[in-house]
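Please read the structure below before turning to the comments.
Rule-based calculations on the coordinates, nothing more; no lab input. Model, not experiment: these values are computed from the prediction. So basically every Cβ, Gly included, is an ideal-geometry build from the backbone, and we count neighbours across all protein chains shown.
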Amino acid sequence: MVSEKLLLVGSGDEKNFIIENLSMMLGAGLSVPASFESILKGIKNKKLIQIIKRVILDLDEGSSLYFALAKTPLLAPYALSLIKIGEESGRLIGNLQAVAIQQQREDVLNSKLRSAMIYPVLVLSITLVVGLGVAWFILPKLGKTFENLKLQLPLITRILIEGANILSHQGFWLVPVLVIVLGTIIYFVFYDHRTNRFGQWILCTLPMTKRLIVNLELSRLGYIAGGLLSAGIPIQETIRLLGESTRIYRYKKFYTHVVDGFELGNSFKKSFAQYPHIDTIIPSPIQQIIISGEQSGKLSQSLMLIANRFEQKTEESIKNLPVILEPIFLIIVWVGVLGVALAVILPIYSLVGNLNNERTVPATKTASTTKKSMVNVKPPVIKSSNATQ
């Protein structure tokens, strides 16, 4: 399953294509196997084609759509639950449409987030490449020049030139190793579900990403929980599925707390009150809306209102993200340029100062010597004519 998920990376559009067309074809009166046969003609991803063929084979053997899809990595747990409830209640087409809409929302937000990050990442990448080129090819030659001049180099220059010399002699294997090590660290800190808690803690602590994560999670909370409740799934199962669908550990932990509370007979109000630092993941006004919806029996409608509101806030946060990150990256670039400039200019300034001193010292010695010789010169003796006579 894990290998299939990796092979399906980048096929999100085609997965959405499957669900959207499946709901439309079922609405047009086609059977489920016939719908998948028709969808298969529009798929290009080879692994996805194999998965759909397995689904068709299971359906031909009498399996339900839910069990056939549950064996594949195509859908999240909440989407599978919607399909299961839809088959049992006769609302499969409507639930498939709800799944397609939610997937489309998530894809649009992810696309906007990627677009917002293009410029900052591009600036940082160009800066790293240019800095690497300067350190690899230019600084070692400059270091040899300083060495020939026998200058007393400042600390920043010595560090920079020493690093450049190491890069010049061992860069062909050192740079790939550093890239691999850095990529591995980033993967385990931010992506691997077993070790990404520290990376999530960093993202949930930084002001610029904390607000975005909260807006995203509350938007997903509203749409997924509201859709599941509208489909007739019990509240306890809804929150459990919601916890399985999120990647943020602190929200998973909170949803587990809520499910455990429901087993003890607690309400949302009591679960909120018992959870430490609840305001950091769900703001107090949103808590009141959920509590009010639970007490009035309109929880699904309240959740959909939360979803619509925080989807707008998420889009605003994504739109403002480049504006926030741009000055930070510019400061990083400025610090790097300033460091290199100081490392190069300080020795040159020292060299110019030494040359000026050397010119001044000989001129001073010449003037003093001339003055001393003039003092030691005796005036000529003039003999008078009387003495001669």
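List of remarks:
- Neighbour-count ranking [beta-carbon atoms within 10 angstrom, fewest first] of 250, 197: 197, 250
- A Stokes-Einstein calculation at 20 °C with viscosity 1.002 mPa s, built on the Kirkwood radius of the range 2-105 over Cα pairs, returns a diffusion coefficient of 157 µm²/s.
- Across 269/298; 210/313; 112/252; 210/270; 15/41, pairs whose alpha-carbon gap is larger than 22 Å: 112/252; 210/270
- The range 203-246 and the range 22-67 have their alpha-carbon centroids 29 Å apart.
- Among 67, 272, a tally of other beta-carbon atoms within 10 Å of each Cβ gives an order, fewest to most, of 67, 272.
- Arranged from fewest to most other beta-carbon atoms within 10 Å of their beta carbon, 246, 256 become 256, 246.
- Membrane-span-like helices in the chain (whole DSSP H runs, Cα extent of at least 24 Å along the helix axis, mean Kyte-Doolittle hydropathy of at least 1.6): 155-190.
- Computed log₁₀ I(q)/I(0) - Debye formula, equal Cα scatterers, no solvent, the chain, q 0.10, 0.12 Å⁻¹: -0.85, -1.06
- A Cβ-based charge dipole, computed about the Cα centre of the range 230-284 with Lys and Arg at +1 and Asp and Glu at -1, lands at about 160 debye.
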